[in-house]
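J.: Pasting a structure below so you can have a look.
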Amino acid sequence: MLPALFLAFLQRWHRGTLPYAYQDQGMDEAVAHAICDAADPVAALCADAGLWGPIAGDARLVDAVRRASGRVASFIGDKA
């Protein structure tokens, strides 16, 4: 659930809808924008080896984050 919440947060940051300036020392801004611009942001997030190490891109990870992202979208009323 936390990765899905993080992705929803990143997407809001990417769209400029956060009410404050967000800075992340652990993730390059260009990488975060690329994840949000990807045709499949869930797959892009899950493919990031900096976040996931050896499980990056694993189909089970992608499936779990995709299912959690659906729940997050329902909770926050956001489909992006």
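J.: For residues in segment 57-79 being modelled with pLDDT under 95 and exposed (fewer than 12 other Cβ atoms within 10 Å of the Cβ), which is nearest to ALA44 (Cα to Cα)?
T.: LYS79
J.: Further question on the same structure: Hey, CYS46 hits all of (1) under 18 Å from ARG15 (Cβ atoms); (2) at pLDDT 95 or above; (3) of a type in the set (A, V, I, L, M, F, W, C) but one; which does it fall short on?
T.: Of the numbered conditions (1) under 18 Å from ARG15 (Cβ atoms); (2) at pLDDT 95 or above; (3) of a type in the set (A, V, I, L, M, F, W, C), the odd one out for CYS46 is (1).
J.: Could you go through segment 29-38 and let me know if any residue there is out of contact with any helix residue (DSSP H, G or I) (no Cβ under 6 Å at 6 or more places or on another chain) and assigned to a loop (DSSP other than H, G, I, E, B).
T.: no
J.: Which condition from (1) at pLDDT 95 or above; (2) exposed (fewer than 12 other Cβ atoms within 10 Å of the Cβ) is the one that GLY26 breaks?
T.: Every condition holds for GLY26 apart from (1).
The values are calculated or read from the model by the stated rules, or taken from the named source; none is laboratory data. Not measured: the values here are computed from a predicted model. When we count neighbours, we look across all protein chains shown, and the Cβ atoms used for this are built from the backbone with ideal geometry, even at glycine.
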